[in-house]
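This report refers to the structure that appears directly beneath it.
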């Protein structure tokens, strides 16, 4: 059955029956295939043959080697894990197309709700990042089915790169491995991400192509170091047997040497000797230097530097570390943009079009990773008022995103400045006062500042006079300083600050309003 409303990104109709089952559901040979491990006995000659074979169309051995490298080399595993999780750990959102209509904005929200219901969305993003090191990564939909009226993928499975072959043409295509050029991948059946470390054909653009040689050299150095330690790591044991000893006696001495080497104990017949000689003066630092160089070369290729992964205590500084970390962020942002494009095309669009939310790829919502770093909140808080005072218009939502503060939900309790709260409380206390009386207490808009200060002193004067009068009366009644101290302590609870605080608050409010009025007059 072909539904003309369901089209792929190129506008070709898609038969709905074809997307209900996985393309490899009956590919028994692929599912039962076991990989070889070409890293065993790897030599420069063998490695060269593997790389050349990949360029000539046989990519199986190359990608099996890539799997071995990530599995056996702890440094590659660690550095690739950092780069991959730098993307998979980012927050993401679904954005409507530019100049979106209300319907398109609603479609973006509906897609987000559907994605939130997918339990394996995080695994999908992480498996997509497998292409960062290997050049491409394919994940297969287990089919599509309806859940509560929505079309959803049954599951999504990562497939090894060895299942595929690369077909060259005007554009290079990824096909399932098979006779001839294999089988083209079905639309809405796969998430196919290609990720280039450099330009060229896919079999040569993988980041791991750069890492194979440091991997090989480091393996040689590790093997040489192990052999060095085996030979020179323990003292040389030399056995001496008397002249005329027979073969049985010689074997007895050899067994004794072996026992001493492994068990630190042994016996020999009388007349035989065992001597211990110091190990030859070898230097393992040469092997360590080679392994260190290989690790640094791998870090540079994967993360763009070395100071975000290791420190030598000599050349590492905080400034250099920050520079290298900036490079790593640039790599992360570039990776995120490429992956977001693939997921928008192969995940977001199928969900949107199958559920009738969009009818073409051009106006489809897009998945976007949030790569913005929160601003220094103190610096932003100091700069924002100055920018506003010179007339710059700042979008509130943008400002909240820059400082990493999310939009409050409807009905949420909001924080307020203390000064604003004090003014609000003052207004509530004065609700019973006549409006005319309140307005009469406020100065005219063009009142000079010295007159405002005089009015403020006048408003505060009753409270101050009340305190002073109480203290004067008290001093007339006491005869000693001790008695004055005790009486002041008794008087203190009744000396309220409320009236004075109210006067100061009103003065601050008046000064603020006067300042705003002055600015408005200057602009207008």
Discussion item. Test of understanding: among 169, 200, which residue is more than 27 Å from residue 11 (Cα to Cα) and not in a strand (DSSP E or B)?
Written reply: 200
Worksheet item: Is it the case that some residue within the range 110-129 is assigned by TED's automatic domain parsing to the domain that holds residue 328 and over 29 Å from residue 356 (Cβ atoms)?
Response: yes
Worksheet item: What do you reckon, is residue 331 at pLDDT below 80, closer than 19 Å to residue 82 by Cβ, out of contact with any strand residue (DSSP E or B) (no Cβ under 8 Å at 6 or more places or on another chain) and surrounded by 13 or more Cβ atoms within 10 Å (Cβ to Cβ)?
Response: no
Item to complete: Tell me, yes or no, whether the range 240-256 has at least one residue that is at pLDDT below 65 and surrounded by 13 or more Cβ atoms within 10 Å (Cβ to Cβ).
Response: no
Discussion item. Being assigned by TED's automatic domain parsing to the domain that holds residue 331 and within 25 Å of the chain's Cα centre (by Cα): is that true of residue 154 here?
Written reply: no
Item to complete: Determine whether residue 89 is more than 18 Å from residue 353 (Cβ to Cβ) and touching a residue at least 12 places away in the same chain (Cβ under 8 Å).
Response: no
Worksheet item: Does residue 11 satisfy being in contact (Cβ under 8 Å) with a residue 12 or more places away in the chain and surrounded by fewer than 12 Cβ atoms within 10 Å (Cβ to Cβ)?
Response: yes
Response to the item:
Among (1) at pLDDT 95 or above; (2) farther than 15 Å from residue 59 by Cα, residue 100 falls short only on (1)
Discussion item. Restricting to the range 52-82, count the residues that are touching a residue at least 40 places away in the same chain (Cβ under 8 Å) and within 19 Å of residue 177 (Cβ to Cβ).
Written reply: 11
Practice prompt. Would you point out which residue out of 97, 38 is in contact with a helix residue (DSSP H, G or I) (Cβ under 9 Å, 6 or more places away or on another chain) and within 25 Å of residue 371 (Cβ to Cβ)?
Written response: 97
Worksheet entry | Number of the exception - residue 126 against (1) surrounded by 17 or more Cβ atoms within 10 Å (Cβ to Cβ); (2) within 22 Å of the chain's Cα centre (by Cα) | (1)
Discussion item. Based on this model, can you work out whether residue 169 counts as farther than 17 Å from residue 111 by Cα, out of contact with any strand residue (DSSP E or B) (no Cβ under 8 Å at 6 or more places or on another chain) and either modelled with pLDDT of 95 or more or surrounded by 23 or more Cβ atoms within 10 Å (Cβ to Cβ) (or both)?
Written reply: no
Discussion item. Regarding the range 62-71, can at least one residue be identified that is over 33 Å from the mean Cα position of the chain (by Cα) and surrounded by 15 or more Cβ atoms within 10 Å (Cβ to Cβ)?
Written reply: no
Worksheet item: Do we have any residue at all in the range 182-198 that's under 31 Å from the mean Cα position of the chain (by Cα) and free of Cβ contacts under 8 Å to residues at least 24 places away in the same chain?
Response: yes
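The values are calculated or read from the model by the stated rules, or taken from the named source; none is laboratory data. Owing to the predicted nature of the structure, the values given are computational and were not obtained by experimental measurement. We place every Cβ from the backbone using ideal geometry, glycine too, and count neighbours over all the protein chains shown.
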